[in-house]
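Working notes, structure below.
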Amino acid sequence: MANTYTQIYLQFVFAVKGRQSFIRDNFREELHKYITGVVENRKQKLIAVNSVSDHMHILIGFGTTVTIADLVHDIKIASSKLINEKHWIPEKFAWQQGYGGFSYSRSHLDRVVKYIFNQQKHHRKKTFREEYTEFLEKYEILYETKYLFDWIEEPYK
């Protein structure tokens, strides 16, 4: 769009349905590359993507050609389809409904990228539930715990 300028950076966090540990090391890199392609095909800028066994973090620089909900929907649908078509897991893969979206200024991007790329180390000390509720509280987002995710036992502690 002519004469339309934005500087919008959003981190998205979403979990595997049932919080199952389905994202495996043997396909993680290919999954991340595929998601990068989905984002770039929608004319957005993927800044960082990483996942642990049960959830995903993505940092995106947003332009003006797509809505947040449409892009997250496209990422989740396309990546689920890839995992299922490649038979990377023996069961049907799906993401849980919903996601967290958190905004950042340009001056915070380096810190957020480091945080995303250090997820494996980070989750040796903190569960996903702790991480996610801390995000919601830090951003002063009102929530009801029963609607966050289908929680199962935390695999990290």
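The values are calculated or read from the model by the stated rules, or taken from the named source; none is laboratory data. This one's a predicted model, so the numbers in the text were calculated from it and none came from an experiment. Glycine also receives a Cβ, built like all others from the backbone with ideal geometry; neighbour counts cover every protein chain displayed.
Observations
- THR127 β-branched (Val, Ile, Thr), more than 15 Å from the chain's Cα centre (by Cα) and within 22 Å of VAL39 (Cβ to Cβ): no
- One residue stands out among those in the stretch 28-64 that are out of contact with any helix residue (DSSP H, G or I) (no Cβ under 9 Å at 6 or more places or on another chain) and without any contact (Cβ under 8 Å) to a residue 24 or more places away in the chain: the one that is nearest to ILE116 (Cα to Cα), which is HIS32.
- Taken over the stretch 60-83, the criterion of being of a type outside the set (A, V, I, L, M, F, W, C) and either at pLDDT below 95 or exposed (fewer than 12 other Cβ atoms within 10 Å of the Cβ) (or both) is satisfied by GLY63, THR64, THR65, THR67, ASP70.
- Qualifying residue in the stretch 18-30 (condition: farther than 15 Å from ILE89 by Cα and among the polar types (S, T, N, Q)): no
- When ASN26, ASN41 are screened for being within 25 Å of GLN120 (Cα to Cα), out of contact with any Lys or Arg (no Cβ under 9 Å at 6 or more places or on another chain) and exposed (fewer than 14 other Cβ atoms within 10 Å of the Cβ), only ASN26 passes.
- Residue list for the stretch 25-50, restricted to those being in a strand (DSSP E or B) and of a type outside the set (Val, Ile, Thr): LYS45, LEU46, ALA48, ASN50
- Checked against (1) within 24 Å of GLY63 (Cβ to Cβ); (2) modelled with pLDDT under 95, VAL113 passes all but condition (2).
- Failed item in (1) free of Cβ contacts under 8 Å to residues at least 40 places away in the same chain; (2) under 20 Å from LEU10 (Cα atoms), with ILE68 passing the rest: (1)
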